[in-house]
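Below are the structure tokens for one structure; questions will follow.
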Amino acid sequence: MSVLVSGGTGFIGSHTVVVLCEAGVDVVVVDNFYNSSPSVLDMLETITGKKVPFYEGDVTDPTFLDHVFKKHHFEAIIHFAGYKAVGESVTKPLKYYRNNLNSTLSLTEKALEYHVPKFIFSSSATVYGDRPAPLKEEMDCGKTTNPYGETKSMSERILEDTVKVNPEFSVALLRYFNPIGAHKSGLIGEIPVGVPNNLMPYIAQVAKGKRERLSIYGNDYPTVDGTGVRDYIHVVDLAYGHKAALDHMPKGLQIYNLGSGQGTSVLELITAFEKVNQIKIPYVIVDRRPGDVATSYADVFKSHHDLKWKTQKTVEDMCRDAWNFEKNLKD
């Protein structure tokens, strides 16, 4: 099987490329390095022993995509490419709408034009808005709480409407919860550009001494300790979720939550990191961040039942692997 992976040098994309290569899938990666580094390609080759075909370019550019699609016969597309910072999307909404929607539109158009039968979309639990957990795929999604989430919701609707009039086209919408951790080799992981927007790389940078302390956004939520509760999933487990979707994708459109099904608060995650890595993490409580919800975790019955997939790694594994990766990073 030949699979095009957009955003394949990013955090989730790179780990998925590893899983696909190890399963014998022929992978082609496209990326513009907006949220990643060319050095990831060398790391992928080191881990897999394979030189992954790569094209540098922007998937919102139809001419660039034509160049790639004319050289390969793809049987599936896994679409990761997109901007992903919730906080930035609140302050720069047009940037997010333009990029994230255009990337989905361009890749979907090319999938149909070049008769690619399978499309896996990197969606998000943010499409549920501020709904009570556990979050189930059959829920009518509420109003999203930030533009990033809205771009995911709108992209889902674009793909849903496309499937309705193209019965030969099959789509899996994978709603991620909170991926953290890194590959066990310590060679690939999450490398934020500038100040981290996500919790785990911020914790790891504080542990390394790159930042003085962690800012916790709010401790007055209606949760076990007042801090936000999220469903953390090891990025390697998440990568295997994509392989499972590829293997078990039925005709038409399906939606799957990819999470652990368990909620962990910010303070609980910090405690786990400190315990497993024997490092103290100083922190300060600051105001809530716009667009954040109090509690979000998945109902994972459908992905367990349909995809024959479930998470294998613990929160402690996530903390250990994230720190191992951060220690290996050259500042």
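Could you derive backbone 3J(HN,Hα) for the stretch 238-244 from the dihedral phi with the Karplus parameters 6.51, -1.76 and 1.60 (θ = phi - 60°), listing whole Hz in sequence and x where the residue is Gly or Pro?
Values, residue by residue: 4, 4, 5, x, 5, 5, 5 Hz.
To continue, here is another question. Relative to the first principal axis of the alpha-carbon coordinates of the chain, what is the inclination of helix 315-328, with its axis defined by its Cα atoms, in degrees from 0 to 90 and to the nearest 10?
Between the helix axis and the principal axis of the chain, the angle is about 80 degrees.
Output the antiparallel fraction of DSSP beta bridges having both residues in the chain, as a percent to the nearest 5.
Bridges in the chain are about 5 percent antiparallel.
So for PHE80, PHE74, PHE301, PHE325, fewest C-beta neighbours within 10 Å to most, what's the order?
Ordered from fewest to most neighbouring Cβ atoms within 10 Å, PHE80, PHE74, PHE301, PHE325 come out as PHE301, PHE74, PHE325, PHE80.
Before anything else, pin down the relative contact order of the stretch 233-331: Cα pairs under 8 Å, at least 6 apart, normalised by residue count, whole percent.
Once divided by the residue count of the stretch 233-331, the mean separation gives 48 percent.
Between THR48 and GLU168, what is the spin-label point distance in nm, taking each point 7 Å from the Cα along the Cα→C-beta axis?
2.8 nm
Separate question: Decide, for the stretch 7-126, between rounded, prolate and oblate: order the square roots of the alpha carbon gyration tensor eigenvalues as a ≥ b ≥ c, take rounded if a/c falls under 1.5, and otherwise choose prolate if a/b is larger than b/c, else oblate.
Oblate, because a/c is 1.5 or more while a/b does not exceed b/c.
Still on this model: Is there a pair in LYS51/LYS208; LYS143/LYS184; LYS110/LYS251 whose C-alpha atoms are over 27 Å apart, and which pairs would that be?
LYS51/LYS208; LYS143/LYS184
Enumerate the aspartates and glutamates that LYS275 could reach by cross-link, defined here as Cα to Cα under 12 Å, with residues fewer than 8 away along the same chain left out.
GLU316, ASP317
Alpha carbon centre of the stretch 50-96 versus the stretch 225-283: separation in Å?
24 Å
Between helix 11-22 and the chain, what is the angle of the helix's C-alpha long axis to the longest principal axis, kept within 0 to 90° and rounded to the nearest 10?
Between the helix axis and the principal axis of the chain, the angle is about 60 degrees.
Can you work out the FRET efficiency for the pair ALA23 and GLN278, with r the C-beta to C-beta distance and R0 = 35 Å, to the nearest 0.05? All intermediate terms of the calculation are to be shown ahead of the outcome.
On the way: r = 36 Å, r/R0 = 1.01.
Efficiency, rounded to the nearest 0.05: 0.50.
Residue-wise, which Karplus ³J(HN,Hα) couplings in Hz belong to the stretch 184-195, taking 6.51 cos²θ - 1.76 cosθ + 1.60, θ = phi - 60°, and x for glycine or proline?
In residue order, the calculated couplings are 4, 5, x, 8, 10, x, 8, 10, x, 8, x, 5 Hz.
Amide H neighbours of THR295 under 5 Å, counting only residues 5+ apart in sequence or on other chains, H built in-plane at 1.01 Å?
VAL229
Same structure, new question: How do GLU190, GLU137, GLU45, GLU156 line up, fewest other C-beta atoms within 10 Å first?
Working: GLU190 24, GLU137 18, GLU45 13, GLU156 21.
Starting with the residue having the fewest Cβ neighbours, the order is GLU45, GLU137, GLU156, GLU190.
Since every read-out is calculated from the coordinates, none of them should be taken as a lab result. What you see is a predicted model, and the numbers here were worked out from it, not measured in a lab. So basically every Cβ, Gly included, is an ideal-geometry build from the backbone, and we count neighbours across all protein chains shown.
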